[in-house]
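Novice: So that we are looking at the same thing, I have put the structure below in structure tokens.
The values are calculated or read from the model by the stated rules, or taken from the named source; none is laboratory data. In this text, all values refer to a predicted model and were calculated from it rather than measured experimentally. Neighbour counts run over all protein chains shown; Cβ positions are idealised from the backbone, glycine included.
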2 protein chains.
Amino acid sequence: MTEHPLLTVLAQGLPATVPFVGPEAQERTRGKPFRARIGANESGFGPSPSVQAAIAAAAADMWKYCDPESHDLKSALASHLGVALGNVAVGEGIDGLLGLIVRLFVEPGRPVVTSLGAYPTFNYHVAGFGGRLVTVPYDQDREPIDGLIEAARRENAPLVYFSNPDNPMGTWWEADDVDRLIKSLPATTMLILDEAYGETAPASALPPLDVGRPNVLRLRTFSKAYGLAGLRCGYAVGEQETIRSFDKVRNHFGVNRMAQTAALAALADQDYLRGVIEQVDACRQRIAAIASANGLAALPSATNFVTFDCGGDGAFAHKVMQALLARDVFVRKPMAPVLDRCIRVSVGPAAEIDLFEQALPEALGEARG
Amino acid sequence: MTEHPLLTVLAQGLPATVPFVGPEAQERTRGKPFRARIGANESGFGPSPSVQAAIAAAAADMWKYCDPESHDLKSALASHLGVALGNVAVGEGIDGLLGLIVRLFVEPGRPVVTSLGAYPTFNYHVAGFGGRLVTVPYDQDREPIDGLIEAARRENAPLVYFSNPDNPMGTWWEADDVDRLIKSLPATTMLILDEAYGETAPASALPPLDVGRPNVLRLRTFSKAYGLAGLRCGYAVGEQETIRSFDKVRNHFGVNRMAQTAALAALADQDYLRGVIEQVDACRQRIAAIASANGLAALPSATNFVTFDCGGDGAFAHKVMQALLARDVFVRKPMAPVLDRCIRVSVGPAAEIDLFEQALPEALGEARG
């Protein structure tokens, strides 16, 4: 056997993987495009026209490196949130920030607590830095606050992940409960409070920002309600020393010039955001009504998608999803036990929801037959 | 003292830093913009009009996540380079790829070899993953091939960094010499061959692509000649198993949708690229002539910048740079001993070089006086 460079022991043990098979990959395999793209919790309502104009206007400037400090964007975010510039870090989507947080706080072998079936990319990063994942089953389709507290205390975990509202179930807790989680964790445990869907949640679900607390990082993104998933821009809000620690390990030019430009324009167009939130709400109700018309129970949702129980087990829900995919309707489903009885449908333009409405009874029939 | 979450031991020892102070940060400090932006080795000639059109056309699609496999871009690159799809990985600029390579191959405490004064972002990543940097001084303003070989063998280093053409000096080695480096390294040493400036180098400086070799990774980018620094898209070419290992640790959506779109369009417009390369060559000659007219010796350059000896020591060159900055001309300079006698001027549009031409004699006068 020829000698060659060796990967680190940690890297040798990791699988080469893609956490999500993108719709593009599925389209390549199918040999034809989907007609409804309502599976990745994107915002089919698109980015604001003012954002699109800002993108087009910035095209000629793409020869310039971005500002590695993202000064203008961080200033605008700080002002929008009512915190100081030093309380905000930006990253290549929440995905990028999650990787940095794991890297900063998790020594190899240390326990990291999350819910069984919660965001897989977080688990990917925990594995990637050698952390030991400790999972707690969902509690009636919600992330299990008491179970997370218990596990964090028992394990003396350096890091806990909690998303509110939750993906993939769409459910949420009220701010008082989140506050109980925050206050019940050990002071040495960092809580990642992933609020990717914060804009579409009721205000009552979001605790006030308390940037004096050194063990909470709130994560938000331009990928969901702002309609900029393709540009990868998320941000973390927290205590200044914690926020400064990102500068130890981040890829300084990672949030690229176009992402910064577009995010800044998106933040400035709160009218458009309000309109999207209304559309999201109306579309959630429509998807729930479609589920109901087919005898299925939709879970309450504070996100830009609706998860509903297909009325059978995971294998049955998988058949429903496959039958929808075969009808050119891209949707996804939860993977963990119990949750996997559901499929998950993102909001989108009426024409795409029409296709889903038409395909669902056929898909259910096919899965039952 | 309040208890709080602890950073890993490695992270505790890292400084919170920004490897480069961007021109935007300098402009904020100065309180006024630069009139010539010729300091960051960007391409002031800009991206191709066809790329700008592709960016504008894609604006409305930014609500979609990117293809995490970057299939279309990797296919086009593979075809352009005459290698297989599996020989190409893309990343968030060469910066992002360097971080991943260090993470994949460097256990904490292990030696990593580079030239003293070579790319600082590589050194940042080595520190960030706990590697021990072993530096070899430049050899007459070129990266020291023999010294790198000797150090890699002596240290049994898992990783060596070598850029050709070089930044910050602009110098280069011919392909035969690079080939000697490749063949003289231990089989267990991975060579990073950074060819960020490959497009502006003479063809004779680039060894043929040999993707059968498991211990060489060639890095290229859309940031330089293609004029897309702001979008962060670089790529690595190598043996398939090595390339696949990026899938163990990368941020799968990191090369965002706009970056993929623009890079694909840029690659398709080789006519524009050829035109830029001609402009770069003419501008290099002009900058060298300006240096010469001021009694200074420009180093030969195969890059999109020209480095020239200010005729004194590092402190003197620093004064020259400061005097240029004060005249609204953004340039940079090497930092390492011996190299630091120089300043570095990027190519750019004639109007910006005119400003430099006007400012240089004044700056030299001020530095001397």
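Novice: Failed condition for B:ALA266, given (1) in a helix (DSSP H, G or I); (2) hydrophobic (A, V, I, L, M, F, W, C); (3) more than 19 Å from the chain's Cα centre (by Cα), with all others met?
Specialist: (3)
Novice: Considering A:GLY86, A:GLY128, A:GLY82, which residue is at positive phi, of a type outside the set (Phe, Trp, Tyr) and touching a residue at least 12 places away in the same chain (Cβ under 8 Å)?
Specialist: One residue alone meets the criteria, A:GLY82.
Novice: Still on this model: Kindly provide the set of residues from segment B:311-369 that are within 17 Å of B:ILE287 (Cβ to Cβ), in a loop (DSSP other than H, G, I, E, B) and either touching a helix residue (DSSP H, G or I) at 6+ places or on another chain (Cβ under 7 Å) or in contact (Cβ under 8 Å) with a residue 60 or more places away in the chain (or both), ordered by number.
Specialist: B:ARG327, B:VAL331, B:LYS333, B:PRO334, B:VAL347, B:GLY348, B:PRO349
Novice: Turning to a different aspect of this structure: Does at least one position in segment B:23-37 carry a residue that is assigned by TED's automatic domain parsing to the domain that holds B:ARG284, in contact with a strand residue (DSSP E or B) (Cβ under 8 Å, 6 or more places away or on another chain) and assigned to a loop (DSSP other than H, G, I, E, B)?
Specialist: Among the residues of segment B:23-37, at least one is assigned by TED's automatic domain parsing to the domain that holds B:ARG284, in contact with a strand residue (DSSP E or B) (Cβ under 8 Å, 6 or more places away or on another chain) and assigned to a loop (DSSP other than H, G, I, E, B), which makes the answer yes.
Novice: Let me ask something else about it. On the given criteria, is B:LEU104 touching a residue at least 24 places away in the same chain (Cβ under 8 Å) and touching a strand residue (DSSP E or B) at 6+ places or on another chain (Cβ under 8 Å)?
Specialist: No.
Novice: Take the residues of segment B:10-25 that are at the interface with chain A (Cβ under 7 Å from one of its Cβ atoms), out of contact with any Lys or Arg (no Cβ under 8 Å at 6 or more places or on another chain) and free of Cβ contacts under 8 Å to residues at least 60 places away in the same chain: which is surrounded by the most Cβ atoms within 10 Å (Cβ to Cβ)?
Specialist: B:GLY22
Novice: Filtering segment B:42-56 down to residues that are under 21 Å from the mean Cα position of the chain (by Cα) and at the interface with chain A (Cβ under 8 Å from one of its Cβ atoms), which residue is farthest from B:ASP271 (Cα to Cα)?
Specialist: Residue satisfying both the conditions and the ranking: B:GLU42.
Novice: Show me the helices (runs of 4 or more DSSP H) found entirely inside segment B:61-177 where at least 1 residues are closer than 23 Å to A:HIS4 by Cα and away from chain A (no Cβ under 14 Å).
Specialist: B:145-155
Novice: Select from segment B:198-248 the residues that are surrounded by fewer than 24 Cβ atoms within 10 Å (Cβ to Cβ), in a loop (DSSP other than H, G, I, E, B) and not small (Gly, Ala, Ser) and list them in ascending order.
Specialist: If the condition is that a residue be surrounded by fewer than 24 Cβ atoms within 10 Å (Cβ to Cβ), in a loop (DSSP other than H, G, I, E, B) and not small (Gly, Ala, Ser), then B:PRO202, B:LEU206, B:PRO207, B:PRO208, B:LEU209, B:ASP210, B:VAL211, B:ARG213, B:PRO214, B:ASN215, B:GLU239 are the ones that fit.
Novice: Still on this structure: Tell me, which residue of segment B:128-162 that is within 19 Å of the chain's Cα centre (by Cα) and farther than 30 Å from B:ASP309 by Cβ is surrounded by the most Cβ atoms within 10 Å (Cβ to Cβ)?
Specialist: B:LEU159
Novice: Return yes when B:VAL320 is out of contact with any Cys (no Cβ under 9 Å at 6 or more places or on another chain), β-branched (Val, Ile, Thr) and crowded, with 19+ Cβ neighbours inside 10 Å and no when it is not.
Specialist: It is false that B:VAL320 is out of contact with any Cys (no Cβ under 9 Å at 6 or more places or on another chain), β-branched (Val, Ile, Thr) and crowded, with 19+ Cβ neighbours inside 10 Å.
Novice: Restricting segment A:178-191 to residues that are of a type outside the set (Lys, Arg) and more than 14 Å from chain B (Cβ to nearest Cβ), which is farthest from A:ASP95 (Cα to Cα)?
Specialist: A:SER184
Novice: Restricting segment B:26-41 to residues that are surrounded by 17 or more Cβ atoms within 10 Å (Cβ to Cβ) and facing another protein chain (nearest Cβ under 8 Å), which is farthest from the chain's Cα centre (by Cα)?
Specialist: Here the residue is B:ARG37.
Novice: A further question on this structure: Kindly evaluate A:GLU92 against the criterion of being surrounded by fewer than 19 Cβ atoms within 10 Å (Cβ to Cβ) and either over 20 Å from the mean Cα position of the chain (by Cα) or at pLDDT 95 or above (or both).
Specialist: On the way: surrounded by fewer than 19 Cβ atoms within 10 Å (Cβ to Cβ): no; either over 20 Å from the mean Cα position of the chain (by Cα) or at pLDDT 95 or above (or both): yes.
Against the criterion (surrounded by fewer than 19 Cβ atoms within 10 Å (Cβ to Cβ) and either over 20 Å from the mean Cα position of the chain (by Cα) or at pLDDT 95 or above (or both)), A:GLU92 does not qualify.
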